[in-house]
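See below for the structure under consideration.
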Amino acid sequence: MLDNLPVGSYIPRDTVIHGLRARTKLLLLCWLAVAFFVANHKRFHYGVYGWAFALLLLTLSLSGANPGYIWRRMRVLFILMALSVPFILIWTTGATWRTLGPLMVSIGSLTFPLQIVVTYDGLWFAVSTTCIFLLLYLGTLSLTLSTTPVALAEGIVLLLRPFRRMGLPADEFGLMTLLSLRFVPTLTQETNQLIKAQVSRGADFTTGSLWARARGVITLVVPLTEGALRRASGLATALEARGYGVTGEATMLHEGRMRWLDWTLLVVIPLITIAVYLYL
Amino acid sequence: MTILVDHLSLLYHPGSPLERVALRDVSLRVADGACAAIVGVTGSGKSTLAQCLNGLLTPSSGRVVVDDLELTPNGLHGRELRELRRRVGLLFQFPEGQLFAPTIGEDVGYGPSRLKLKREEVQERTRWALRAVALPDDEAFLARSPFALSGGQRRRVALAGVLSMRPRIVVLDEPSAGLDAEAREEIYATLRELRTREGLTLIVISHDMSEVAALADTTLALRDGRVALSGPTDAVFRQTEAIEAAGLLPPPLAQVAALARARGLLRAEPTSLTVEALADALIPAPRRTLGGDHAG
């Protein structure tokens with residue numbers, strides 16, 4: 001029932017992309033995100049987006065992802081964009097690009113003229129927003145496809161470490177990320193089991209009135225919450241029993257070292273992006 | 001109500017790289033009012049088999065027959081599927097984790113209330129189910145929170161929640177796991193009562209061979225999704241080597257019986273695997289040899 005859960009979409013492979021450190025991938029993704037929003041200010045300038053599309057498609061193909069799988073993941077996003085683009089086009093003001101109408105629209109006995117004005121700003125805003133969403137999605141997808149949750153948590157901790165001095169609890173963030181990722185499969189399995197148990201004693205989550213279905217969901221939510229709280233408190237005790245929080249700073253058992261490819265990419269990709277933005 | 005499992009096989013994720021055979025050619029017949037046990041090590045397919053019995057899982061080949069209802073690889077739908085689930089109740093492992101309602105009455109009555117029964121009928125079924133699991137059925141108890149009960153009591157409330165659907169066959173997955181000796185004995189006493197007084201057909205999945213030996217008429221041992229052994233319980237536990245090959249240990253009483261048999265100390269086969277039956281089957285030793293050595 002919950003087999004299509006998007007979380008934990010890591011696909012184990014042995015590729016260049018999988019071999020990169022999580023830190024590298026996280027930093028590059030952040031860099032691209034910033035670049036997209038800066039590039040947004042240069043109207044009808046597609047250089048940065050084109051470059052990012054090429055880069056991410058290369059990344060995905062290098063990471064051995066199945067195109068059909070990526071398409072299935074992206075379908076919902078396309079629907080969402082298709083729904084929002086008309087509104088962006090209609091409601092952004094600025095210099096006129098095209099005018100539609102005036103059309104005479106009648107609602108009941110009321111008749112009024114309706115004119116739709118699409119502006120240059122609206123057009124660019126729609127195009128660039130669509131690009132940014134698609135690119136960010138592709139970027140996150142290539143990150144989670146090629147990085148284990150553990151490596152991801154490690155990457156976050158290592159990136160946040162410098163902020164420790166400012167009082168940021170970097171290790172706690174890391175542990176929290178790790179623990180929540182760790183329990184996703186457990187909760188999925190538990191939910192599945194619970195659905196079966198409740199169905200066995202007469203629950204029905206697919207038919208009946210809205211009220212009946214809502215009640216059906218309650219039969220899942222209450223036990224799941226109870227179980228999660230019990231597990232959390234047990235886990236906290238277990239962590240304390242093993243000395244968590246006594247000595248303060250935590251170290252990592254396996255700390256992945258950055259390699260030359262990581263450093264190269266961290267330098268080359270931003271440089272190309274800046275060059276594309278300035279000169280293309 | 002007789003339940004028949006006929007050459008049932010089940011694949012998980014068929015046609016994908018994750019394909020895994022969970023059950024292979026399993027057959028089982030449990031007569032009306034009988035009690036069968038399913039044993040096997042973790043991952044041998046016991047719980048998968050249990051979920052096939054009430055149509056939570058659809059077999060890849062073979063069938064499950066409960067009276068006029070037949071579950072085949074085509075599956076059952078709508079009314080027929082609900083009817084199968086009503087006939088075959090399934091108590092999951094650690095069922096106290098499925099309690100959700102603020103009061104015991106609501107939780108036990110949840111199933112019947114979904115059947116569009118009258119309020120009184122739901123009430124009546126709830127009280128009956130609570131009595132069946134040897135819990136109080138008075139107003140005060142019905143209004144209590146299930147979360148305030150002890151572990152063993154909560155499990156019995158969960159069992160009542162399954163029984164209130166009035167199934168004729170009840171499948172129990174590890175009904176005594178994690179309970180203390182007293183609560184365990186209470187659960188098994190309840191099951192025996194359900195069988196003798198209500199005539200329910202029981203299918204018990206267990207790791208505890210002593211309990212299986214004391215409770216079940218027939219036993220099916222699974223190993224890697226296949227039937228390793230099957231037959232009357234005492235006959236199954238007499239096949240010590242085959243049982244051990246399936247990764248299980250015969251119950252202590254069966255081990256004592258096997259030793260006594262090997263040493264020629266049995267005057268007859270024990271009628272069942274209980275302490276009394278075994279004691280009756282032993283050749284009485286002459287009184288004076290007992291402790292005689294000490295005295296001498």
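The values are calculated or read from the model by the stated rules, or taken from the named source; none is laboratory data. Every value quoted in this text rests on a predicted model; they were computed, and no experiment measured them. Backbone-built Cβ (ideal geometry, glycine too); neighbour counts: all protein chains shown. With ligands, DNA and RNA removed, areas are computed over all heavy atoms of the protein, side chains included. Shrake-Rupley method; radii C 1.70, N 1.55, O 1.52, S 1.80 Å.
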### Whether the range B:71-212 is rounded, prolate or oblate, judged on the alpha carbon gyration tensor where a/c under 1.5 counts as rounded
oblate
### Query
How many angstrom lie between the C-alpha centres of the range A:164-241 and the range A:18-73?
33
### Message
Quick check: the angle from helix B:119-132's long axis to the longest principal axis of chain B, C-alpha only, nearest 10 degrees?
### Response
10
### Summary
The helix B:252-262 Cα axis meets the longest alpha-carbon principal axis of chain B at an angle in degrees, between 0 and 90 and rounded to 10, of 40
### Dipole of chain B, positive direction: furthest Cα of B:His77, B:Leu159, B:Ala36, with charges on the beta-carbon
B:His77
### Message
Pairs of alpha-carbon atoms within less than 8 angstrom and 6+ residues apart define the contacts here; what relative contact order does chain A have, in percent?
### Response
28
#### Entry: Cα centroid separation, the range B:138-213 to the range B:41-110 (Å)
16
### Within the range A:136-219, chymotrypsin sites (Phe, Trp or Tyr not before Pro) in DSSP loop having at most 16 other beta-carbon neighbours inside 10 Å
A:Phe205
#### Entry: Heavy-atom accessible area ranking, 1.4 Å probe, most first, across B:Glu96, B:Glu241
B:Glu241, B:Glu96
### Task
Would you kindly state the longest site-free stretch of chain A, with sites defined as GluC sites (Glu not before Pro) in a DSSP loop (not H, G, I, E, B) surrounded by at most 13 other Cβ atoms within 10 Å?
A:1-248
### Task
Order A:Thr59, A:Thr206, A:Thr119, most accessible first, counting only protein heavy atoms with a 1.4 angstrom probe.
A:Thr206, A:Thr59, A:Thr119
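Restricting to DSSP H runs of at least four residues, report the calculated mean residue ellipticity at 222 nm for chain B, -39500 (n - 2.57) per run over all residues, nearest 500 deg cm²/dmol.
-11000 deg cm²/dmol, from helical runs alone.
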### Query
Under the classification rounded if a/c is under 1.5, otherwise prolate if a/b is larger than b/c and oblate if not, where does the range B:20-79 fall, given a ≥ b ≥ c as square roots of the Cα gyration tensor eigenvalues?
oblate
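Rounded to the nearest 500 deg cm²/dmol, what is the calculated helix-only ellipticity per residue at 222 nm for chain A, with -39500 (n - 2.57) per DSSP H run of length n ≥ 4?
The per-residue figure over chain A is -23000 deg cm²/dmol.
When a/c reaches 1.5 or more, the comparison of a/b and b/c decides; with that in mind, is chain B rounded, prolate or oblate per its Cα gyration tensor? Mind dumping the intermediate values first?
Working: a/c = 2.30, a/b = 1.35, b/c = 1.70.
Oblate is the answer for chain B, as a/c is 1.5 or above yet b/c matches or exceeds a/b.
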### Query
So for the protein assembly as shown: antiparallel DSSP bridges make up what percent, rounded to the nearest 5?
65
### Query
Relative to the Cα centre, what is the charge dipole magnitude of the range B:1-119, using +1 at the beta carbon of each Lys and Arg, -1 at the beta carbon of each Asp and Glu, and rounding to the nearest 20 debye?
300
### Message
Out of the trypsin sites (Lys or Arg not before Pro) in the range A:1-101, which ones are loop residues according to DSSP with at most 15 other C-beta atoms within 10 Å?
### Response
A:Arg13, A:Lys42, A:Arg43
### Message
Can you give me the distance in nm between label points at A:Arg164 and B:Ala140, each placed 7 Å from the Cα along the Cα-to-Cβ direction?
### Response
5.9
### Message
If you filter the range B:193-296 for trypsin sites (Lys or Arg not before Pro), then keep DSSP loop positions with at most 13 other Cβ within 10 Å, what is left?
### Response
B:Arg263, B:Arg267
## Note on the structure
In this structure, the FRET efficiency calculated for B:Ser27 and B:Leu249 from their beta-carbon separation, with R0 = 25 Å, to the nearest 0.05, is 0.50
### Message
Please compute the contact order of the range A:55-169 in relative form: average sequence separation of alpha-carbon pairs under 8 Å and at least six residues apart, divided by the residue count, as a percent.
### Response
26
### Task
Rounding to the nearest 20 debye, state how big the charge dipole of chain A is about its Cα centre with +1 on each Lys and Arg Cβ and -1 on each Asp and Glu Cβ.
180
